[in-house]
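Asks: My questions all concern the structure below.
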Amino acid sequence: MNNPALPRAVIFDLDGVVVDTAHLHFIAWQRLAQRIGIDIDMAFNEQLKGISRRDSLAKILAYGGMDNAFTADEREVMAEQKNREYVGLLNGLTTADILPGIRELLRTLREQGVLTGLASVSQNAGHVLSVLGLQADFDYVADTRHIMFSKPDPEIFLAVCDALKVLPSCAVGIEDAQAGIDALCAGGIFAIGIGSTLRGAQYRLDDTAGLTWAAITQQWKRHQAGN
Ligand code: B16
Ligand code: MG
């Protein structure tokens, strides 16, 4: 099937695309890592973006040479501690933390009749959306309980396409994580990357401020034309 002249759906990542929570995940992981003697910095944190809680902890332990230092039960406790820390940091979250241009883009997508989906691997996604009052802005929010594989596997994005009844080739996905861009590409979804270091996206922006429907459709058309 040929791709439509305009995208039929836009699928958003949450942390780092809709809301400025990516640094809160980092702070919570950094505190946990410090307690067990592992130093992580923001460059390392890039590897944790879009990665599930359990897989993030595994990456941190491997980075600190502690792959085999803890039992499965101890890892569960550590992941739970990180989550408590993160949820505590979310107490300070307000609508001012919605990233620039996102509210306007969501409004325009509604006006244009373009479907909206959320593909976050965060188990706190529902809570964050409700704090921000954004629940009604999404036609479908991925249910992480039914997602088996973490990004860069395309499963979560394909599940959202399925629920919205839109072919992957008719959708756009917006991501701030390399794992997320890789997942979109693997799923055959037009990838928009937010961040200066991302590779492989069809369109890349340094931040969300320029993320307008006009810019998205312009890039979509350019891509369809093969430019
Ligand atoms: P939680 P996204 C991801 O959300 C974050 O990027 C990642 O840092 C975090 O570890 C993951 O959610 C799991 O979050 O511990 O709250 O379940 O970027 O997919 O919206
Ligand atoms: Mg993200």
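Asks: Specify which residue in the list 48, 22, 68 is farthest towards the positive end of the charge dipole of region 22-90, using unit charges on the beta carbon of Lys, Arg (+1) and Asp, Glu (-1), about the Cα centre.
Replies: Of the options given, the answer is 22.
Asks: Roughly how many nanometres apart are two label points built 7 Å out from the Cα toward the Cβ at residue 36 and residue 145?
Replies: 2.8
Asks: Which whole-number percent is the relative contact order of region 24-137 (Cα, under 8 Å, 6+ apart)? Please list the in-between numbers first.
Replies: Values: 59 pairs, mean separation 34.0, N = 114.
So the answer I get is 30 percent.
Asks: Another one. How much length is gained on full extension from residue 127 to residue 224, taking 0.36 nm per residue of separation minus their Cα-Cα distance?
Replies: Fully extending the segment from residue 127 to residue 224 adds 31.2 nm.
Asks: When only C-alpha pairs under 8 Å and at least 6 residues apart count, what is the relative contact order of region 22-90, in percent?
Replies: 45
Asks: Viscosity 0.890 mPa s, temperature 25 °C: give me the Stokes-Einstein translational D for the chain in µm²/s, with Rh taken as the Kirkwood radius over C-alpha pairs. It would help to have the intermediate numbers written out before the result.
Replies: Working: Rh = 18.0 Å.
Answer from the Stokes-Einstein relation: 136 µm²/s.
Asks: How long are the semi-axes of the equivalent ellipsoid of region 22-90, taking √(5λ) for every eigenvalue λ of the Cα gyration tensor, in whole Å from largest down?
Replies: Ellipsoid semi-axes (Å, largest first): 17, 14, 11.
Asks: Once you charge only the Cβ atoms, +1 for Lys and Arg and -1 for Asp and Glu, what is the size of the charge dipole of region 22-90 about its Cα centre, to the nearest 20 debye?
Replies: Values: 9 positive and 10 negative charges, 35 e Å.
Around 160 debye, computed over region 22-90.
Asks: Sticking with this one: Please give the contour-minus-distance gain from residue 23 to residue 54: 0.36 nm per residue of separation, less the Cα-Cα distance, rounded to one decimal in nm.
Replies: Taking residue 23 through residue 54 to full extension adds about 9.4 nm, to one decimal.
Asks: What number, in nm² with one decimal, is the all-direction average of the projected area of the convex hull of the alpha-carbon atoms of region 111-227?
Replies: One quarter of the hull surface, i.e. the mean projection, equals 7.5 nm².
Asks: Averaging sequence separations of C-alpha pairs under 8 Å and six or more residues apart, then dividing by the length of the chain, give the relative contact order as a whole percent.
Replies: 27
Asks: Shifting gears a bit: Helix-derived [θ] at 222 nm for the chain: sum -39500 (n - 2.57) over DSSP H runs of at least 4, divide by residue count, nearest 500?
Replies: Estimated from H runs of four or more residues: -13000 deg cm²/dmol.
Asks: Where both residues lie in the chain, what percent of DSSP beta bridges are antiparallel, nearest 5?
Replies: So the antiparallel bridges amount to about 5 percent of the total.
Asks: Right, here's the next one. Quick one: how many lysine pairs does the chain have with C-alpha atoms less than 23 Å apart and a gap of 8 or more or different chains? Give me the count, please.
Replies: Summing the qualifying lysine pairs gives 8.
Asks: How do 147-156, 201-210 rank on mean C-beta neighbours within 10 Å, highest first?
Replies: The densest-packed peptide leads the list: 147-156, 201-210.
Asks: Report, in debye and to the nearest 20, how large the dipole of the chain comes out about its Cα centre when Lys and Arg carry +1 and Asp and Glu carry -1 on their Cβ.
Replies: The dipole of the chain has a size of about 440 debye.
Asks: Okay, moving on. What nm value, rounded to one decimal, do you get for the distance between residue 63 and residue 6 when each label is placed 7 Å out toward the C-beta?
Replies: 4.2
All of the numbers you see were taken from the coordinates with simple rules; none came from a lab. What you see is a predicted model; the values in this text were computed from it and never measured. We place every Cβ from the backbone using ideal geometry, glycine too, and count neighbours over all the protein chains shown.
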